[in-house]
Amino acid sequence: MEWFQTLQADFYLNFIQDDRWRYLWTGLGNTLKITFFAVIIGIVIGVVVSIVRSTYDKTYDEMQPGPGRYLLWIGDRICRLYLTVIRGTPVVVQLMIMYYIIFASSRNSLMVAVFAFGINSGAYVAEIFRSGIMSVDAGQFEAGRSLGFNYVETMRHIILPQAFKNVLPTLANEFIVLLKETSVAGYVTIRDLTMGGYIIRGVTYSSFMPLIAVALIYLTMVMFFTWLVGRLERRLRNSDH
Amino acid sequence: MTTDVLIDVNDLQKHFKGGAIRALDGVNAQIHRGEVVVVIGPSGSGKSTFLRCLNLLEKPTGGTITFEGHDITDPKANINLHRQKMGMVFQHFNLFPHMTILRNMTLAPTKLLGKSQKEAEEQAMALLERVGLSDRAGAYPSQLSGGQKQRIAIVRSLCMEPDVMLFDEPTSALDPEMVGEVLEVMKELANEGMTMVVVTHEMGFAREVGDRVIFMADGKIVEENTPEAIFEHPQEERTKNFLSKIL
């Protein structure tokens, strides 16, 4: 039983002594804060960008020439540029650019991280939503228009609810990825969950306990969210038996 | 049948690939109030394109369509308002799968006509009663048979109280045993005086219910006349040829 006693001592040293568990606890809080607000920003950006992109794809060729058509063209180009840049560079680099260059004067690293991860996630969410919009049968759009709904109303009442349902599993996966991606927040001095474990390791010189604990906490959260999304999916599936 | 012109189509053109394909090539037609016009023709003749141009689901390349005195091909015309008065039934039903039958029917009237939910539901239930589907009000489209879906699609359009109903091959996607129930609803609608433009392969329906039959081929109207005249004494060679193949 010697190994068990070692384990016990190890546990005490890493979590109990000097209340070191607090590093994990406040770290977890920061991780959840960043993820939560980044998800919201990501969805907002994603919805807007995907609507601009799919509206362009669906209607540009048929549109009357005029300022509206020109604006749509500009909007589409901006969205494409955004997608290319964000998806073409690593999130850690984006995070550091945000912190050290764009928001260099801000000391609120948590807020900077929220923006960095939100803007990053928005690009992926946009493409997920766009594939969802494109996956809805063209007949649905025609049915909406033939009843007298305009483009926006048809999108809102008929296309987007179906698109959302279609992409829910993929969207859930994106948020799980985001939750784990925030683990690089330590690069800009944020004490998130990963950083919490890293700090403990720096103090106690033991790797096993803090790192396994951090991994287990991430795993538990991901399993919980997976379960939650599964329930939501089952509820939304009620309409297709 | 009155002589009041509801839809006036003048030199309608629909080209694809910069004019290389002429789906519609100078179509002139008038739809009178209370009339049932059946459009027949071989596949690729442009009959569906013609129908879809009437409510501008397809944008014509040239020509004009006047609906209730308004030129709806004018870019300034508010097509959304005119479409409220033109119901359309599709080959593939196009019910909204994420809504119950009742919601499918009340969505447009509540959002577009400003009806209260209660008012719209009462109207929808009355229409469901008429087509014998009031017990399915709470069901989702995926729980219905094809024939039921198409009957729902018809009454969903009727909820907007349209002045004309456009049918785009409404029975082509149905199993044979379900064709009758849909045609029955359409026949009733015709008897009530609804103006209808029907693209179909159901010659029996054309003969029995149609006031006028338009035969199209190669993007043009080849011949139009009463059903008796078209089916018993077709004048044009194309018409005779087509009818000999399908009758």
With the range B:86-189 as the region, which helices (runs of 4 or more DSSP H) entirely inside it contain at least 1 residues that are open to solvent by less than 10 Å² (accessible area, probe 1.4 Å) and β-branched (Val, Ile, Thr)?
B:101-112, B:146-158
Take the range A:33-66 and flag every residue that is among the polar types (S, T, N, Q) and farther than 15 Å from residue A:122 by Cα.
A:54, A:55, A:59, A:64
Residue by residue through the range B:66-81, note down the ones that are open to solvent by 30 Å² or more (accessible area, probe 1.4 Å) and either among the charged types (D, E, K, R) or within 14 Å of residue B:165 (Cβ to Cβ) (or both).
B:68, B:71, B:74, B:76
The one condition in (1) within 18 Å of the chain's Cα centre (by Cα); (2) more than 10 Å from every other protein chain (Cβ to nearest Cβ) that residue A:103 fails to fulfil
(1)
Please go through the range B:23-65 and pick out each residue that is open to solvent by less than 40 Å² (accessible area, probe 1.4 Å) and among the β-branched types (Val, Ile, Thr).
B:27, B:31, B:36, B:37, B:38, B:39, B:40, B:49, B:65
Among helices (runs of 4 or more DSSP H) lying entirely in the range A:130-191, which contain 1 or more residues that are within 13 Å of another protein chain (Cβ to nearest Cβ), surrounded by fewer than 18 Cβ atoms within 10 Å (Cβ to Cβ) and modelled with pLDDT of 95 or more?
A:138-147
Condition first: in a helix (DSSP H, G or I), surrounded by 12 or more Cβ atoms within 10 Å (Cβ to Cβ), within 14 Å of chain B (Cβ to nearest Cβ) and of a type outside the set (Phe, Trp, Tyr). Now tell me which residues in the range A:35-87 satisfy that.
A:58, A:59, A:69
Matching residues in the range A:47-68 - criterion: being in contact (Cβ under 8 Å) with a residue 12 or more places away in the chain and either touching an Asp or Glu at 6+ places or on another chain (Cβ under 8 Å) or of a type in the set (Asp, Glu) (or both)
A:50, A:52, A:53, A:56, A:57, A:60
Under 8 Å by Cβ, and 6 or more places apart or on different chains, what pairs join a residue from the range A:104-123 that is closer than 18 Å to residue A:179 by Cβ with one that is open to solvent by less than 10 Å² (accessible area, probe 1.4 Å) and in a loop (DSSP other than H, G, I, E, B)?
A:110/A:190; A:113/A:190
Close pairs (9 angstrom Cβ cut-off, 6 or more residues apart or separate chains): at the interface with another protein chain (Cβ under 9 Å from one of its Cβ atoms) in the range B:65-85, surrounded by fewer than 20 Cβ atoms within 10 Å (Cβ to Cβ) and of a type in the set (D, E, K, R) anywhere
B:80/A:153; B:82/B:68; B:84/B:161; B:85/B:68; B:85/B:161; B:85/B:163
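Quick one: in the range B:190-210, which of the residues that are part of a helix (DSSP H, G or I) and of a type in the set (Gly, Ala, Ser) is least open to solvent (accessible area, probe 1.4 Å)?
Taking the range B:190-210 first, the residues part of a helix (DSSP H, G or I) are B:190-191, B:203-209.
Now narrow it down to the ones that are of a type in the set (Gly, Ala, Ser): B:190, B:204, B:206.
Numbers: B:190: 16, B:204: 48, B:206: 0 Å².
Looking at residues that are part of a helix (DSSP H, G or I) and of a type in the set (Gly, Ala, Ser), I get B:206.
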For the range A:88-108, which positions are assigned to a helix (DSSP H, G or I) and either under 22 Å from residue A:175 (Cβ atoms) or open to solvent by 60 Å² or more (accessible area, probe 1.4 Å) (or both)?
A:88, A:91, A:92, A:93, A:94, A:95, A:96, A:97, A:98, A:100, A:101, A:102
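The values are calculated or read from the model by the stated rules, or taken from the named source; none is laboratory data. Keep in mind that what you see is a predicted model, and the values were worked out from it rather than measured. Note: ideal-geometry Cβ built from the backbone for every residue, glycine included; neighbour counts use all protein chains shown. The accessibility values were calculated without ligands, DNA or RNA, using every heavy atom of the protein model including side chains. Shrake-Rupley method; radii C 1.70, N 1.55, O 1.52, S 1.80 Å.
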